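Quick note: the coordinates plus some simple rules give every number you see, no bench work behind them. Remember, predicted model here, so these are calculated numbers, not experimental data. Heads up, the Cβs are rebuilt from the backbone with ideal geometry, glycines too, and the neighbour counts pull from every protein chain shown.
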Amino acid sequence: MRRALRFRFFALQSAAFFLLPLLVYKLTFQEDPVIRMSRTLLTLLFFALAPPIVSYAQASPPSSDRPFAVEYYYKAKWGHADEFLKLFKKNHYPVLKKETEMGRIAKVWMDQPRYHTTEDGRWDFRVTIVFKNATVANEPFDEAALQKQMYPDQETFQREEQRRFEILDAHWDLPVKTMELESLSH
């Protein structure tokens, strides 16, 4: 609510700053009173309706005390899904488990489609990571330091991680939010 009020104040202040010289100019020169009144009413109507529309359109940020889930999709090149899974379980999954032990991640799991789909919609693995909250998920975290601690042979680790991404056709991340169906009014 405060953000909406601040935005309305800012919008009105900005409008006054830019429109005041225009209004002074228009009032200085003679203009048909009906046209001048119409412009004034339209301007006022615009600034009365625009801030509520803009503030309504802004998405509310995720709550900082609720879990925050991100789905990571991996589409391996044909014939390389098993190799990807082996490298993921060897090098990346232990890092995620360590982050779970540290309390940064609440839960992590992997899904695989049971049946095939069309090639454009195909993905081979979906890793879902539920972070403690949105703040933890988005704040800087030195994962490289954790990897160096866990994998002293960095040359092998880096080579295998590079290979893990070389055998992918696509990879994308999708933050998701849980919809509470019981509390929805529609």
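A few notes on this one:
- Charge tally for THR117 (other residues, Cβ to Cβ under 15 Å; Lys, Arg +1; Asp, Glu -1): -1.
- Neighbour counting of Cβ atoms within 10 Å sorts the residues TYR93, TYR151, fewest neighbours leading, into TYR93, TYR151.
- Cα-Cα over 19 Å, subset of LYS75/LYS132; LYS75/LYS177; LYS107/LYS132; LYS86/LYS177; LYS75/LYS148; LYS90/LYS148: LYS75/LYS132; LYS75/LYS177; LYS86/LYS177; LYS75/LYS148
- Shape of the stretch 68-177, Cα gyration tensor, a/c cut at 1.5: oblate
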